[in-house]
Amino acid sequence: MSVNIVFDTAGFLAGLENLYEKVYTTQEVIREVKDFKSASLLELAISSNKVIIFEPTRQSLLTVTKTLNKINDISLSRTDISVAALALDLKPSLVVTDDLSLQNLLLHMNIKYYSVKLNIKISKKKNYIYKCEGCGKTYMKNIKICEICGHKVIKVSQ
């Protein structure tokens with residue numbers, strides 16, 4: 001069984017699209033590739049059908065959103081969500097990404113990933129809570145300012 005390669009922006013910025021016979025990505029990712037060299041190489045790869053642009057299904061987007069809510073991580077960008085959802089649609093898949101939050105989501109969804117430039121990969125699934133830097137009050141939702149003392153609230157791993 002062959003594995004479908006799904007690229008986040010990092011794969012294109014590293015110029016890895018020509019290492020694979022076919023690479024899948026979303027329009028959201030394409031919009032993020034802005035530097036001239038990467039954009040030129042990407043355009044060439046798209047025109048030669050090495051890069052296939054798909055949009056994830058509504059069902060996979062819903063599954064990703066539910067998983068993010070379950071692990072209490074709502075910090076992922078729309079682009080990252082689209083990549084995870086596409087990888088779910090194309091299973092078995094391998095996602096090329098340097099984004100650690102996306103890697104954590106993929107771990108929770110049992111989707112393999114490869115890190116491009118970072119020589120680190122997360123190895124344990126993480127769930128998050130939000131904690132006040134001042135009084136230590138914890139929240140299950142992402143809020144910016146503590147309702148008790150007014151200090152900044154940050155995301156922390158449980």
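The values are calculated or read from the model by the stated rules, or taken from the named source; none is laboratory data. Note that this is a predicted model, so its numbers are computed, not measured. Note that each Cβ is placed from the backbone with ideal geometry, even for glycine, and that neighbours are counted across all protein chains shown.
Structure data summary
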item	result
Whichever residue in the stretch 27-38 is among the hydrophobic types (A, V, I, L, M, F, W, C) and within 19 Å of Asp80 (Cα to Cα) and, among such residues, is nearest to the chain's Cα centre (by Cα)	Val29
Options Leu88, Leu19, Leu76, Leu13; residue that is closer than 21 Å to Val116 by Cβ and out of contact with any helix residue (DSSP H, G or I) (no Cβ under 7 Å at 6 or more places or on another chain)	Leu19
Single residue of Leu107, Leu86 found to be more than 18 Å from Tyr24 (Cβ to Cβ), surrounded by 18 or more Cβ atoms within 10 Å (Cβ to Cβ), at pLDDT 90 or above and not charged (D, E, K, R)	Leu107
Matching residues in the stretch 91-101 - criterion: being touching an Asp or Glu at 6+ places or on another chain (Cβ under 7 Å) and either hydrophobic (A, V, I, L, M, F, W, C) or assigned to a helix (DSSP H, G or I) (or both)	Val95, Val96, Ser101
Close pairs (7 angstrom Cβ cut-off, 6 or more residues apart or separate chains): on the phi > 0 side of the Ramachandran plot in the stretch 59-82, modelled with pLDDT under 95 anywhere	Asn72/Asn127; Asn72/Tyr128; Asn72/Ile129; Asn72/Met140
Residues within the stretch 48-83 that are hydrophobic (A, V, I, L, M, F, W, C) and at pLDDT 95 or above, tallied	9
Single match in Leu86, Leu102, Leu106 (criterion: of a type outside the set (Phe, Trp, Tyr) and under 20 Å from Asn142 (Cβ atoms))	Leu102
Test result for Leu88, under 19 Å from the mean Cα position of the chain (by Cα) and part of a helix (DSSP H, G or I)	yes
